[in-house]
Amino acid sequence: MIRAVDCLFAHSEDQPVHRIHGVRPNGLEVFKARLAEGQRNYLDFSGFAAKSGVVVILPAAEDGMIDAVLGLGSEEGLYPFGALPFALPSGSRWRLVDCDVAQATLGFCLGAYRFGSLKAESLKPALLRRENGCEVAVRIADAIWMARDLVNQPANLLGPAELAKVLLELGERFGAITTIVSDDDVTRDYPTIAAVGRGSDRGPCVATLHWRGHAATDTSPLVSLCGKGVCFDSGGYDLKPSSGMLRMKKDMGGAAAMMGVAALVMSDDLPVRLVLRIGCVENSVSGSAMRPLDVIRTRSGKTVEVGNTDAEGRLVLCDLLAEAAAETPDILIDAATLTGAARTALGPDLPALFCNDADWTRRFLDAGIDQHDPLWPLPLWHGYDSWLDSSVADIASVSSKPQAGAIVAALFLQRFVTGAKAWAHVDVYAWNDQARPGRPEGGEGTAIRALYSALTTQFSN
């Protein structure tokens, strides 16, 4: 399940390695002046204007080498380089010049991703020469490929047990301690996760990873990550329409993102203690499924009235958050494909960030801008707390009001994070609706780069 981007790099020297030039519109004339006359005339004839993601292969130079020109447009970022792998001849070998090689390498790797494991034949990308200084870019691409693969897996092939198994593989790769809680132990220790999973023949489980950096001690910062791993969401008795189910294999996108962040923290050997918890579950319909207005006693002891069985993500997370917060982490982060309201407000590309600490909010936002992986802040507006009041339980899982759904969901989760020094909740979409350079259609490892960068800034030596 865990693939490596190493397959994209040309390792042998028995074939020529051609050049890729990144060009912006304001540097086009200077670049053309460096070309041989025939190449310059060809580039002019092609109408190349250095627009983002446009690739032109030039006639051979006098030394026999082939040059390709990539338009970078006027905006900064890595995504234009994502057009290269399939715009260049399959299997041809290239090296990057005239650009930030680390950023370009990451863009190339993200653009080369395709979920082709279930197809007999798939298009092969061009290959890139691996340059010094690109190690972090390759590790980031590896983490995002893993997250994309998880989100893209059909639900019949990736159920709760299979998702938990990937966490075990990840832990084994980095020497972490991993555990899986299943069957009656889930009912005892994670009652809300058990309630969500009761309707499925594929039982729920909780997968946990504990890891410590080589330089970390018992008093080193504790980073705690929690992910919603709903492998398929039918909506339960509050059944989704068929159109609403089409992409519900992606409802474990939060878990995929947290696994990606964990992989980067471990591969970077940050001097921290790390705990990753994934609630692996399927929300199905059956005679044993939870019902609207059921009341569940959570791990924390609070009782929750189920207002809507399709709002199951917050039930998956609340027991994980309660357990994590009891360990007093320095930063507790959860990610989930939690609400359609966040997508209505911000669209597919901007994850909603809720954070109860101003310093961490700024770190996450700055990291998102720096990594071209933006987050957008929404408020934990306590004026809406009363919307979660219930006449029969300590808290309702949903509000009876139709407004501010993403905020209300975050306020629900906040009830369970008492004890954490700082907490951030990221409401993600985890999907690309259309193919763009560096962002192929399908599953996406949303917010991984931003969260990892913020953690590195705060906790690296």
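At-a-glance table
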item: Principal-axis tilt of helix 253-267 within the chain, Cα atoms, nearest 10 degrees; result: 60 degrees
item: In degrees, nearest ten, helix 135-152 long axis to first principal axis of the chain (Cα); result: 50 degrees
item: Among the listed pairs LYS51/LYS240; LYS124/LYS250; LYS240/LYS401; LYS124/LYS228; LYS32/LYS119, those beyond 31 Å (Cα-Cα); result: LYS51/LYS240; LYS124/LYS228; LYS32/LYS119
item: Residue-normalised accessible area of segment 284-385, expressed per residue, 1.4 Å probe, Å²; result: 40 Å²
item: Tail weight of P(r) past 29 Å, computed on alpha-carbon pairs of segment 305-461, percent; result: 18 percent
item: Overall form of the chain per C-alpha gyration tensor (a/c, 1.5; a/b vs b/c); result: prolate
item: C-alpha long axis of helix 37-46 to longest principal axis of the chain, angle in °; result: 40 degrees
item: Antiparallel content of DSSP bridges confined to the chain, in %, to 5; result: 40 percent
item: Ranked by how many other beta carbons lie within 10 Å on average, peptides 323-333, 63-73 from highest; result: 323-333, 63-73
item: Heavy-atom accessible surface of segment 64-192: percent carbon and sulfur, 1.4 Å; result: 50 percent
item: Spin-label model distance (nm) - SER117 vs ILE369, 7 Å beyond Cα toward Cβ; result: 3.8 nm
item: For the chain, calculated [θ]222 nm from helices alone, where every DSSP H run of n ≥ 4 adds -39500 (n - 2.57); result: -9500 deg cm²/dmol
item: Whole-number percent relative contact order across the chain, with pairs defined as alpha carbons under 8 Å at least 6 apart; result: 16 percent
item: GluC sites (Glu not before Pro) within segment 7-43: DSSP coil, no more than 11 neighbouring Cβ in 10 Å; result: GLU13
item: Extension gain, THR328 back to GLU135 (0.36 nm per residue minus Cα-Cα distance, nm); result: 66.2 nm
item: Nitroxide proxy distance, nm - points 7 Å out along Cα→Cβ at ASP189 and ASP100; result: 4.2 nm
item: Amide H contacts under 5 Å for ARG95, placed H, 5+ residues apart; result: HIS18, ARG19, ILE20, ARG129
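The values are calculated or read from the model by the stated rules, or taken from the named source; none is laboratory data. Everything numeric in this text was worked out from a predicted model, so none of it was measured. All Cβ positions, even for glycine, are placed from backbone atoms using ideal geometry, and neighbour counts span all protein chains on display. Surface accessibility is based on the protein's heavy atoms, side chains included, excluding ligands, DNA and RNA. Shrake-Rupley method; radii C 1.70, N 1.55, O 1.52, S 1.80 Å.
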